[in-house]
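Here is the structure we will look at.
The values are calculated or read from the model by the stated rules, or taken from the named source; none is laboratory data. Since the model is a prediction, treat every value here as computed from it, not as a measurement. Virtual Cβ from ideal backbone geometry, glycine too; neighbours counted across all protein chains shown. SASA here: full protein model, heavy atoms, side chains in, ligands and nucleic acids out. Shrake-Rupley method; radii C 1.70, N 1.55, O 1.52, S 1.80 Å.
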Amino acid sequence: MKFNKHLNQPIPEKDDVRAKTPNPATVQLMDKLESAGCETVFDRFAAQQPQCPSGLRGTCCRMCQWGPCRISDKAPRGVCGRDMNQVVMANIVRQLAAGMSAHARHAHEVILALIAAAEGTATITLKGRERALELADRFGIDTAGRTEDEVIAAVARALLDDVGRMTADPMHTLEAFAPADRREVWEGLDILPRSASYESMESLHMTTLGACSDWTALADQELRSALAYCYGTLYTSSLATEVLYGVPTPKLTEVNYGVLKPGYVNILLHGHSPVMVEKVIEKVRSPEIEALAREAGAEGIVLGGMCCTGDELLARYGIPTVTNIMGQELALGTGAVDAVIVDMQCVIPGLKIVADCFGTEIITTSTSNRIPGATHIPFDPERPETLDEDAERVARAAVAAFGTRDRSKIEIPERVTTAMGGFSYEAILESFGGAGALAEALRDGRIRGVATVVGCNTPKVAYESAHVGIARRLVEGGVLVTTTGCASHALLNAGLCDPAAAALAPQPLRGLLEAAGVPPVLAVGGCVDNVRSLRLFIALAEELGVPLADLPYLFVGAEPGNEKTVGQGATFLAHGISVLSGFPAQIPVAVPRTGPDGELLDGRNDITEFFAGDGLLTTVGAKIYTETDPACAAQTGLLHLRRKRQALGWG
Ligand code: MSK
């Protein structure tokens, strides 16, 4: 590990990843790609070292054309007069706006597909009609004289309104799902949002040259945006998807790179939006496409999931997952992947570089995502009538790749891992006998706390070591864990989502899990499905009559990567749930220094005080902990949960 003095943290080198990453398949594939001369994210990260200290600490301002300006002791203000607090907070606000835009685009596509399904312009059979009717009731939508499909279309338009409203009317999802005591806190802070689109616009506006000089107002916009992100993009996407494709239930399957099979057409499904991929799966499983695969000489077709698309398909159908954002190049390194069907977000440019090494076909299916050299068959949410025929073309192109590829470089790591996924909010409650029974187990200490371990990977942490190292120790400490996104791939592949992993938990949690027949880590879905964990937190708080901020809850983002993770963490903070990060955010971290008289200064600053000191703690009741060592991070998390229990007198 190389120590970075600006961050006061070690940075892993490629050999550190080999030594610490928990999945042996990762090392096998890293070595294979290296010997094949194929570069990956690990090589490019090494080539970028040392990364710019200003960028790492968020003190570089590129928000106008007078800059770029770097804030330092020597030059404490940018050309316009912005100081460090203004620059750092503005950068964070912009990151959240970018992440929110990504999820909003996802929500937009899913909701337009829902409208098209309800209005009969897309060939989608709605599988979650009960969820739509429940939402109609929660949103106060008038159902009199309307057909069920008309009600569903009205629900979808209400969700769309939360994505794009430009006026100050209340958000439907926030009114329907946020706890009353939290709404009072947000009203008191004047951070109730209008919509995802409005707050993205306002965030970019407030941070442009000369628009807002008060960093505390920008900090308020950060929280306001977090609520818009949560209710305008996460809730809307997750709920609309449930109406379209049904509410998941638990299912057992096998995961990991070993699910790929030589002799079969191996197709990976990657990205976030469910719309095209659902239709493609329907096509791939049709007798015509299966016959096409056999005609090409394949024994059959294997589907594997990556990133959030993989999480969602595991949840809905038990389709095996393979890996996450930083494993996408490694998966192609097996030489077994004929095609990767990708839609939006987290499809890194490096994927195509490795695809070209192994002759893998990349098929892009989102109007937003173009990759030079890839086959482009997009789903346009405003032309839903072509979905069926486009999906057929995608399926045929994926299968056709089998016949044209060089199959001499196949080397698939053998390991497969048993895993259970599909824990929707309702499925979690049902598994444990309802919200009342689960709340009682939390109160009486059979469950010491509930943590959600989520988010991306970052090359700044030895790949997957923090996700797995922290989650395993939390389970050993008696904590019930939920997971989504790329973190869940790490935990699925590590065996923590296998019901047999209940044996890792101490009694009485172990007995509780075994009686329920569930693993200690509950895979709930993709990153928009973090609202399933949030709904669980809220339901238990309501059962117990205890505010969210007082309960032994924790959000863990052990390997933060995408801009979207900024919104995820801020969402939970705004709800009073503290965040444990496995790597410092792009803020000037507290680096102890020697003062003019030789005294030791703790290096704190306004921004660290805001996030990790008393700032957020006194307003929303939560804070960020940062710890890069997984064992220390888990201890920090367990201590946080213990303190919460003690404050409640729960012991
Ligand atoms: S895929 S947003 S790297 S979790 Fe959702 Fe993974 Fe993060 Fe993308």
Could you name the lysines whose alpha carbon sits less than 16 Å from that of K20, not counting residues in the same chain fewer than 8 places away? K2, K460
Pop a pseudo-label 7 angstrom from the Cα along the beta-carbon direction at both C80 and R415 and give the gap in nm to one decimal. 4.9
If each part is reduced to its alpha-carbon centroid, segment 332-372 and segment 457-519 end up apart, in Å, by 30
Net lengthening on full extension, D31/E130 (0.36 nm per residue, minus Cα-Cα): 30.7 nm
Just from its helices, what would the mean residue ellipticity at 222 nm be for the chain, if runs of 4 or more DSSP H residues each count -39500 (n - 2.57) and the sum is divided by every residue, rounded to the nearest 500 deg cm²/dmol? -14500 deg cm²/dmol
Convex hull (Cα only) mean projected area of segment 280-358, reported in nm² to one decimal: 5.5
Would you mind calculating the relative contact order of the chain from Cα pairs under 8 angstrom and at least 6 residues apart, reporting the percent as a whole number? 16
Shape category assigned to segment 366-474 from the gyration tensor of Cα positions, a/c cut at 1.5: prolate
Calculate the spin-label point distance for I371 paired with D356, positioning each point 7 Å from the Cα along the beta-carbon direction, and give it in nanometres. 1.2
How much of the pair distance distribution for segment 417-648 lies past 23 Å, counting alpha-carbon pairs only, in percent? 44
Run through all the Cα pairs of the chain and give the fraction in each 10 Å bin from 0, expressed as whole percent. 3, 16, 27, 28, 19, 6, 1, 0, 0
In segment 590-651, what percent of the accessible surface is made up of carbon and sulfur (1.4 Å probe, ligands and nucleic acids excluded)? 52
Based on the alpha-carbon gyration tensor of segment 84-245 and its eigenvalue square roots a ≥ b ≥ c, which shape applies: rounded if a/c is under 1.5, prolate if not and a/b is larger than b/c, or oblate? prolate
Using a/c under 1.5 as the rounded threshold, could you call segment 252-394 rounded, prolate or oblate? The axes a ≥ b ≥ c are square roots of the C-alpha gyration tensor eigenvalues, and prolate needs a/b larger than b/c, oblate otherwise. rounded
For S366, S213, the accessible-area ranking with a 1.4 Å probe, largest leading, is S213, S366
Cβ-derived FRET efficiency at R0 41 Å, A19 paired with A437, nearest 0.05: 0.45
Using a probe radius of 1.4 Å on heavy atoms only, what accessible surface per residue do you get for segment 417-648? Whole Å² is fine. 30
Efficiency by 1/(1 + (r/R0)^6): what FRET value for Q646 and R604, r their Cβ-Cβ distance, R0 = 22 Å, to the nearest 0.05? 0.25
If one puts a single equal scatterer on every Cα of segment 222-318 and applies the Debye formula without solvent, what log₁₀ I(q)/I(0) results at q = 0.13, 0.15, 0.19, 0.22 Å⁻¹? -0.56, -0.70, -0.99, -1.19
Which lysines, if any, have their Cα less than 19 Å from the Cα of K283, not counting same-chain residues under 8 positions apart? K127
Restricting to segment 417-648, compute how many DSSP beta bridges are antiparallel as a %, nearest 5. 10
Within 10 Å, count the other beta carbons around each residue, average over each peptide in 71-84, 164-177, and list them highest first. 164-177, 71-84
Using a 1.4 angstrom probe and counting only protein chains, how large is the accessible area of D220 in Å², to 10? 60
What spacing in nm lies between the two simple spin-label points modelled at T618 and C632, each 7 Å away from Cα in the Cβ direction? 2.8
E426 to L639: FRET efficiency via 1/(1 + (r/R0)^6), r the Cβ-Cβ distance, R0 30 Å, to the nearest 0.05? 0.40
To the nearest 10 square angstrom, how much accessible area does E187 have with a 1.4 angstrom probe? 120
Students often get this wrong, so check it: of K352/K409; K74/K623; K32/K352; K32/K564, which have C-alpha atoms separated by over 21 Å? K74/K623; K32/K564
Please work out how much accessible surface K460 shows to a 1.4 Å probe, ignoring ligands, DNA and RNA, in Å² rounded to 10. 40
